[in-house]
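The values are calculated or read from the model by the stated rules, or taken from the named source; none is laboratory data. Every value quoted in this text rests on a predicted model; they were computed, and no experiment measured them. Cβ: placed from backbone, ideal geometry, glycine included. Neighbour counts: every protein chain shown. Accessible surface is based on the protein model in full, side chains and every heavy atom, while ligands, DNA and RNA are left aside. Shrake-Rupley method; radii C 1.70, N 1.55, O 1.52, S 1.80 Å.
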Amino acid sequence: MTNNNPIGLFDSGIGGTSIWSAIHDLLPNEDTIYLADSKNAPYGQKSKDEIIQLSCKNTELLLEQNCKIVVVACNTATTNAIKELRAKYDIPFIGIEPAIKPAALHSKTQKIGILATKGTLNSELFYKNVEKFQDIQIIEQIGFGLVELIENGNIKSPKMTQLLQSYLEPMIEQNIDYLVLGCSHYPYLIPKIKKILPQHIQIIDSGEAVAKQTKNILIDKVGCRTSNKKSKQVFYTNANPKVLSDILKNNYEVISKDF
(Lines give C-alpha, C1' and ligand atoms only; values in the text may rest on other atoms or scores of the structure.)
Protein backbone atom coordinates (compact mmCIF):
# COMPACT_ATOMS: atom_id res chain seq x y z
CA MET A 1 0.00 0.00 0.00
CA THR A 2 1.45 3.34 -1.10
CA ASN A 3 0.85 6.63 0.69
CA ASN A 4 3.38 9.40 0.10
CA ASN A 5 1.87 11.86 2.58
CA PRO A 6 4.00 12.81 5.60
CA ILE A 7 3.94 11.48 9.16
CA GLY A 8 2.91 14.27 11.56
CA LEU A 9 4.24 14.61 15.10
CA PHE A 10 3.62 17.14 17.84
CA ASP A 11 4.90 17.77 21.34
CA SER A 12 4.73 20.48 23.98
CA GLY A 13 8.17 21.52 22.73
CA ILE A 14 11.45 20.03 21.58
CA GLY A 15 11.35 16.83 23.66
CA GLY A 16 9.30 14.86 21.14
CA THR A 17 12.27 15.02 18.77
CA SER A 18 13.53 12.00 20.77
CA ILE A 19 10.47 10.15 19.41
CA TRP A 20 10.92 11.69 15.94
CA SER A 21 14.53 10.47 15.92
CA ALA A 22 13.51 6.86 16.70
CA ILE A 23 10.85 6.98 13.95
CA HIS A 24 13.24 8.53 11.40
CA ASP A 25 15.91 5.90 12.19
CA LEU A 26 13.40 3.10 11.58
CA LEU A 27 11.58 4.74 8.64
CA PRO A 28 14.19 6.95 6.88
CA ASN A 29 12.21 6.98 3.62
CA GLU A 30 9.18 8.69 5.22
CA ASP A 31 8.56 12.46 5.07
CA THR A 32 7.83 13.96 8.50
CA ILE A 33 6.41 17.21 9.85
CA TYR A 34 7.16 18.05 13.49
CA LEU A 35 5.42 20.73 15.58
CA ALA A 36 7.19 22.03 18.70
CA ASP A 37 4.57 23.88 20.73
CA SER A 38 7.28 25.34 22.98
CA LYS A 39 5.31 28.53 23.58
CA ASN A 40 2.87 26.46 25.66
CA ALA A 41 5.42 24.17 27.36
CA PRO A 42 5.18 22.43 29.71
CA TYR A 43 1.81 20.76 29.18
CA GLY A 44 2.32 18.85 32.44
CA GLN A 45 1.17 21.80 34.59
CA LYS A 46 -2.00 22.52 32.56
CA SER A 47 -5.58 21.32 33.08
CA LYS A 48 -6.96 18.37 31.10
CA ASP A 49 -9.23 20.72 29.11
CA GLU A 50 -6.29 22.95 28.14
CA ILE A 51 -4.25 19.91 27.06
CA ILE A 52 -7.12 18.64 24.89
CA GLN A 53 -7.55 22.09 23.32
CA LEU A 54 -3.83 22.40 22.50
CA SER A 55 -3.71 18.83 21.15
CA CYS A 56 -6.66 19.55 18.82
CA LYS A 57 -4.99 22.75 17.60
CA ASN A 58 -1.76 20.87 16.82
CA THR A 59 -3.61 18.01 15.13
CA GLU A 60 -5.51 20.39 12.86
CA LEU A 61 -2.28 22.11 11.80
CA LEU A 62 -0.84 18.71 10.83
CA LEU A 63 -4.02 17.69 8.99
CA GLU A 64 -3.87 20.96 7.01
CA GLN A 65 -0.49 19.68 5.72
CA ASN A 66 -2.03 16.33 4.68
CA CYS A 67 -0.37 14.18 7.32
CA LYS A 68 -1.46 10.54 7.00
CA ILE A 69 -0.92 9.66 10.66
CA VAL A 70 -0.34 11.72 13.83
CA VAL A 71 2.16 10.74 16.49
CA VAL A 72 1.37 12.40 19.82
CA ALA A 73 5.03 12.64 20.85
CA CYS A 74 4.14 13.85 24.34
CA ASN A 75 3.27 11.70 27.35
CA THR A 76 1.05 14.36 28.91
CA ALA A 77 -0.95 14.91 25.70
CA THR A 78 -1.30 11.15 25.17
CA THR A 79 -2.47 10.36 28.69
CA ASN A 80 -4.90 13.31 28.78
CA ALA A 81 -6.14 13.80 25.21
CA ILE A 82 -5.63 10.82 22.88
CA LYS A 83 -9.08 9.35 23.60
CA GLU A 84 -10.69 12.67 22.57
CA LEU A 85 -8.44 13.00 19.49
CA ARG A 86 -9.36 9.52 18.25
CA ALA A 87 -13.06 10.29 18.72
CA LYS A 88 -12.86 13.62 16.90
CA TYR A 89 -10.55 12.98 13.91
CA ASP A 90 -10.69 10.26 11.28
CA ILE A 91 -6.97 9.50 11.19
CA PRO A 92 -4.78 7.00 13.09
CA PHE A 93 -3.08 8.36 16.23
CA ILE A 94 0.00 6.84 17.86
CA GLY A 95 0.37 7.70 21.53
CA ILE A 96 3.28 7.61 23.91
CA GLU A 97 2.99 6.59 27.54
CA PRO A 98 5.46 5.53 30.23
CA ALA A 99 6.84 2.03 29.52
CA ILE A 100 5.82 0.61 32.89
CA LYS A 101 5.15 -2.92 31.59
CA PRO A 102 8.71 -3.94 30.55
CA ALA A 103 10.13 -2.46 33.75
CA ALA A 104 7.55 -4.21 35.94
CA LEU A 105 8.00 -7.57 34.17
CA HIS A 106 11.80 -7.55 34.47
CA SER A 107 12.33 -5.93 37.87
CA LYS A 108 14.10 -8.20 40.35
CA THR A 109 13.71 -5.88 43.34
CA GLN A 110 9.97 -5.39 42.56
CA LYS A 111 10.60 -1.65 42.77
CA ILE A 112 10.66 0.70 39.80
CA GLY A 113 10.95 4.47 39.59
CA ILE A 114 8.98 6.72 37.24
CA LEU A 115 10.08 10.25 36.44
CA ALA A 116 7.27 12.10 34.65
CA THR A 117 5.24 15.31 34.51
CA LYS A 118 2.41 16.07 36.90
CA GLY A 119 -0.07 15.85 34.01
CA THR A 120 1.02 12.30 33.16
CA LEU A 121 1.16 10.98 36.73
CA ASN A 122 -2.27 12.44 37.56
CA SER A 123 -3.98 11.08 34.43
CA GLU A 124 -6.60 8.35 34.34
CA LEU A 125 -4.67 6.40 31.67
CA PHE A 126 -1.53 6.33 33.83
CA TYR A 127 -3.53 5.18 36.85
CA LYS A 128 -5.09 2.33 34.82
CA ASN A 129 -1.62 1.18 33.70
CA VAL A 130 -0.22 1.23 37.22
CA GLU A 131 -3.20 -0.72 38.56
CA LYS A 132 -2.20 -3.74 36.47
CA PHE A 133 0.98 -4.24 38.52
CA GLN A 134 -0.22 -4.61 42.12
CA ASP A 135 2.84 -6.62 43.21
CA ILE A 136 5.30 -3.93 42.06
CA GLN A 137 6.16 -0.89 44.15
CA ILE A 138 6.11 2.10 41.81
CA ILE A 139 7.92 5.16 43.09
CA GLU A 140 6.59 8.22 41.27
CA GLN A 141 8.43 11.52 40.98
CA ILE A 142 7.21 14.66 39.21
CA GLY A 143 10.09 16.22 37.27
CA PHE A 144 9.37 19.80 38.34
CA GLY A 145 11.47 22.27 36.32
CA LEU A 146 13.15 19.75 33.98
CA VAL A 147 11.14 20.54 30.83
CA GLU A 148 11.62 24.29 31.33
CA LEU A 149 15.41 23.88 31.59
CA ILE A 150 15.50 21.68 28.45
CA GLU A 151 13.31 24.14 26.52
CA ASN A 152 15.68 26.96 27.46
CA GLY A 153 18.75 25.04 26.30
CA ASN A 154 20.06 24.43 29.83
CA ILE A 155 20.50 20.65 29.77
CA LYS A 156 24.10 20.84 31.02
CA SER A 157 23.46 23.42 33.74
CA PRO A 158 24.33 22.89 37.45
CA LYS A 159 20.63 23.48 38.22
CA MET A 160 19.71 20.47 36.06
CA THR A 161 22.21 18.26 37.93
CA GLN A 162 20.89 19.49 41.26
CA LEU A 163 17.25 18.78 40.34
CA LEU A 164 18.02 15.32 38.96
CA GLN A 165 19.97 14.38 42.09
CA SER A 166 17.09 15.48 44.32
CA TYR A 167 14.62 13.38 42.28
CA LEU A 168 16.73 10.26 41.74
CA GLU A 169 18.62 9.78 45.01
CA PRO A 170 15.47 8.89 47.04
CA MET A 171 14.62 6.28 44.35
CA ILE A 172 18.12 4.79 44.59
CA GLU A 173 17.74 4.60 48.39
CA GLN A 174 14.46 2.68 47.92
CA ASN A 175 16.29 0.06 45.83
CA ILE A 176 14.76 0.54 42.36
CA ASP A 177 16.36 -1.45 39.55
CA TYR A 178 14.49 0.26 36.68
CA LEU A 179 13.87 3.93 35.97
CA VAL A 180 11.07 4.68 33.50
CA LEU A 181 11.25 8.05 31.75
CA GLY A 182 7.67 9.29 31.40
CA CYS A 183 8.25 12.42 29.31
CA SER A 184 9.59 12.63 25.75
CA HIS A 185 11.93 15.45 26.84
CA TYR A 186 13.74 13.26 29.36
CA PRO A 187 15.77 10.99 27.01
CA TYR A 188 17.98 14.06 26.43
CA LEU A 189 18.90 13.82 30.12
CA ILE A 190 20.09 10.19 29.95
CA PRO A 191 23.84 11.08 29.96
CA LYS A 192 23.31 13.13 33.14
CA ILE A 193 21.03 10.54 34.71
CA LYS A 194 23.61 7.79 34.10
CA LYS A 195 26.17 9.76 36.12
CA ILE A 196 23.80 9.71 39.11
CA LEU A 197 22.36 6.18 38.93
CA PRO A 198 24.34 3.07 39.90
CA GLN A 199 25.18 0.92 36.86
CA HIS A 200 22.70 -1.85 37.70
CA ILE A 201 19.67 0.46 37.36
CA GLN A 202 18.32 0.29 33.81
CA ILE A 203 16.71 3.27 32.08
CA ILE A 204 13.67 2.75 29.87
CA ASP A 205 12.10 5.23 27.46
CA SER A 206 9.38 4.75 24.86
CA GLY A 207 11.04 5.87 21.60
CA GLU A 208 11.79 2.50 20.03
CA ALA A 209 8.37 1.03 20.90
CA VAL A 210 6.58 4.07 19.42
CA ALA A 211 8.64 3.81 16.22
CA LYS A 212 7.77 0.11 15.82
CA GLN A 213 4.08 0.81 16.41
CA THR A 214 4.16 3.62 13.81
CA LYS A 215 5.72 1.26 11.26
CA ASN A 216 3.09 -1.42 11.97
CA ILE A 217 0.19 1.01 11.52
CA LEU A 218 1.67 2.35 8.26
CA ILE A 219 2.06 -1.17 6.86
CA ASP A 220 -1.32 -2.47 8.06
CA LYS A 221 -3.63 0.52 7.62
CA VAL A 222 -2.16 3.69 6.12
CA GLY A 223 0.49 2.95 3.50
CA CYS A 224 4.20 3.71 3.18
CA ARG A 225 6.07 6.23 1.06
CA THR A 226 7.51 4.66 -2.09
CA SER A 227 9.08 7.71 -3.75
CA ASN A 228 12.75 7.43 -4.72
CA LYS A 229 13.37 11.09 -3.85
CA LYS A 230 15.18 11.83 -0.59
CA SER A 231 12.71 12.12 2.29
CA LYS A 232 11.90 15.57 3.64
CA GLN A 233 11.97 16.46 7.35
CA VAL A 234 10.21 19.71 8.32
CA PHE A 235 10.27 21.24 11.82
CA TYR A 236 8.08 24.07 13.08
CA THR A 237 8.41 25.92 16.38
CA ASN A 238 6.51 28.82 17.92
CA ALA A 239 9.45 29.75 20.18
CA ASN A 240 13.20 30.26 19.76
CA PRO A 241 14.22 28.17 16.69
CA LYS A 242 17.85 27.94 17.87
CA VAL A 243 16.93 25.64 20.78
CA LEU A 244 15.24 23.19 18.40
CA SER A 245 18.09 23.46 15.87
CA ASP A 246 20.70 22.77 18.56
CA ILE A 247 18.97 19.62 19.79
CA LEU A 248 18.53 18.26 16.23
CA LYS A 249 22.26 18.76 15.52
CA ASN A 250 21.91 17.90 11.81
CA ASN A 251 21.31 20.70 9.34
CA TYR A 252 17.53 20.41 9.29
CA GLU A 253 15.55 23.53 8.53
CA VAL A 254 13.61 24.84 11.52
CA ILE A 255 10.74 27.17 10.61
CA SER A 256 9.36 29.75 13.03
CA LYS A 257 5.58 29.75 12.95
CA ASP A 258 3.01 31.32 15.23
CA PHE A 259 0.49 28.65 16.23
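In table form, for the structure just shown:
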item	result
Residues (in a loop (DSSP other than H, G, I, E, B) and touching a residue at least 40 places away in the same chain (Cβ under 8 Å)) located in the range 218-259	223, 225, 226, 227, 231, 232, 238, 239, 240, 259
Subset of the range 1-30 [outside any helix (DSSP H, G or I) and buried (at least 20 other Cβ atoms within 10 Å of the Cβ)]	6, 7, 8, 9, 10, 11, 12, 13, 14, 15, 16, 30
Identity of the residue in the range 142-160, open to solvent by 70 Å² or more (accessible area, probe 1.4 Å) and within 17 Å of residue 195 (Cβ to Cβ), that ends up modelled with the lowest pLDDT	156
Within the range 35-63, considering residues that are open to solvent by less than 20 Å² (accessible area, probe 1.4 Å) and out of contact with any Ser or Thr (no Cβ under 7 Å at 6 or more places or on another chain), the one nearest to residue 186 (Cα to Cα)	35
Top-ranked residue of the range 108-126 - restricted to ones that are open to solvent by 10 Å² or more (accessible area, probe 1.4 Å) and of a type in the set (Ser, Thr, Tyr), ranked as nearest to residue 212 (Cα to Cα)	117
Residues satisfying the stated conditions in the range 161-217, i.e. under 23 Å from residue 119 (Cβ atoms), open to solvent by 40 Å² or more (accessible area, probe 1.4 Å), in contact (Cβ under 8 Å) with a residue 40 or more places away in the chain and not in a loop (DSSP other than H, G, I, E, B)	188, 209, 213
Where residue 95 falls short, out of the listed (1) at pLDDT 95 or above; (2) closer than 21 Å to residue 9 by Cα; (3) surrounded by 22 or more Cβ atoms within 10 Å (Cβ to Cβ); (4) touching a Phe, Trp or Tyr at 6+ places or on another chain (Cβ under 7 Å)	(4)
